[in-house]
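Heads up, the thing below is written out as structure tokens.
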Amino acid sequence: MFTLISVVLAAVIFEYSNGFHDAANAIATVVSTRVLTPRQAIAMAAFFNLTGALFGGAVASTIGKGLVDTDIVTMTTVLCAVIAAFAWNMATWWFGLPSSSSHALIGGLCGAALAAARGDWSVIKWNAGVWPKVVVPMITSPLAGFIFGALLMFLLLVALHRFTPHFVHSLFGKLQIFSAAWMAHSHGTNDAQKTMGIITLALFTGTKAGSFDHLPAWLDFLKTPVFVLPKWVIGLCALTMAVGTAAGGWRIIRTLGHRMVKLQPVHGFAAETTAAVIIQAASYYGIPLSTTHVISTSIMGVGAVKRFSGMKWTVVERIIWAWVFTLPASALVGYALARATAAAF
């Protein structure tokens, strides 16, 4: 029971960190273009992250049972995975790097499961889960963000070239509020689901192991004999994501919204709309996408069309390196934690 409480607590802390770590995904552009004040933008992002988190479950199923063999997973394995992801989140947040909380959690889970299996790589569902739903989207989704962001920005420039800058600024100042809200909702449908999957995995493995057999009747809600998201887990994760988003993530907001390229409302609208469409589609198919990758490259694509030389490519390079190292680094931490725990007990 103590292990379960630790897993749920760690998962909630991770979800909270995910909220403020990834708050920039939805509101960096709307803040940098001065369409909304930081306080207004965070309140809006918190609300729509909440609404997004309450819908869907395909991503949670992928995280919980589609990446590693659940027969080898214990609640301790899940705990090590969440701690590894949280540690990477905090490290990249400290340096203001918009890395992927999703990939940190996936890496931590794979590393911890590998340690639990004593180095047996077959425990990782490579062909059915990790390759098609993590590695391939990790490459294609940033490319899609850049290409479609650039294409949408180009089409908008062609369509709007006859209008005055004042009209364009005024129109997209209003439209960007809707695109930012959609982006926040999309973020909730994908990112909050991942922690729901992790908690449900802990409940599922604990039920199979008989850990809840001797609990009093009022704790029967913990028993999860089949992998189905309990309503209390959905509500807990959705609320935690919203609260975390409300805390804001100013270091990363500055990186995405100011340091890469100077944006105007029409650019913010193009980047947010592109990212929201891609993330929403991924959520529908149960792909645990990196919302950070998608919005970052959408901003890059929009910025490149605006003025290629205006892009601060040194900042972009730092971000890409953070992406590259996220999966292996979090997997290594998860593996080390799980091995250390096994050795201690």
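The values are calculated or read from the model by the stated rules, or taken from the named source; none is laboratory data. These numbers come from a predicted model, not from an experiment. Glycine gets a Cβ as well: all are built from the backbone with ideal geometry, and neighbour counts include every protein chain shown. In case anyone asks, the SASA skips ligands and DNA or RNA and just uses the protein heavy atoms, side chains included. Shrake-Rupley method; radii C 1.70, N 1.55, O 1.52, S 1.80 Å.
Below are the figures for this structure:
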quantity	calculated
Dipole of the chain, positive direction: furthest Cα of 226, 201, 175, with charges on the beta-carbon	175
Charge dipole magnitude, Cβ of K and R +1, D and E -1 - the chain, Cα centre, debye nearest 20	960 debye
Of all accessible heavy-atom area on region 65-217, the percent that carbon and sulfur account for (1.4 Å)	73 percent
Sites residue 151 and residue 344 - FRET efficiency at Förster radius 51 Å, r taken between beta-carbons, to 0.05	0.45
Prolate/oblate/rounded label for region 137-216 (Cα gyration tensor, a/c 1.5)	oblate
Modelled FRET efficiency - R0 30 Å, residue 209 with residue 285, Cβ distances, 0.05 increments	0.45
Mean-position separation - Cα centroids, region 208-241 and region 119-133, in angstrom	26 Å
Radius 14 Å from Cβ of residue 181, net charge of other residues (Lys, Arg +1; Asp, Glu -1)	0
Inter-label distance, nm, simple model (7 Å from Cα along the C-beta direction), residue 71/residue 95	4.0 nm
Distance in nm between pseudo-label sites at residue 247 and residue 55 (7 Å out along the Cβ direction from Cα)	2.7 nm
Highest-fluctuation residue, 320, 42, 234 considered, GNM on the chain with Cα pairs under 10 Å	320
Relative contact order (%) - criterion: Cα under 8 Å, at least six apart; region: the chain	39 percent
Rounded accessible area per residue of the chain, 1.4 Å, Å²	42 Å²
Per-pair calculated FRET efficiency, R0 = 51 Å: residue 321 and residue 2 via Cβ, rounded to 0.05	0.85
Residue of 64, 301, 210 that the Gaussian network model of the chain assigns the largest fluctuation, springs spanning Cα pairs under 10 Å	210
Degrees separating the helix 23-32 axis from the principal Cα axis of the chain, which is the longest one	10 degrees
Shape category assigned to the chain from the gyration tensor of Cα positions, a/c cut at 1.5	prolate
Distance between modelled label sites at residue 161 and residue 126, nm, 7 Å Cα→Cβ extension	5.0 nm
Highest-MSF residue in the chain out of 267, 214, 187 [GNM, Cα springs under 10 Å]	214
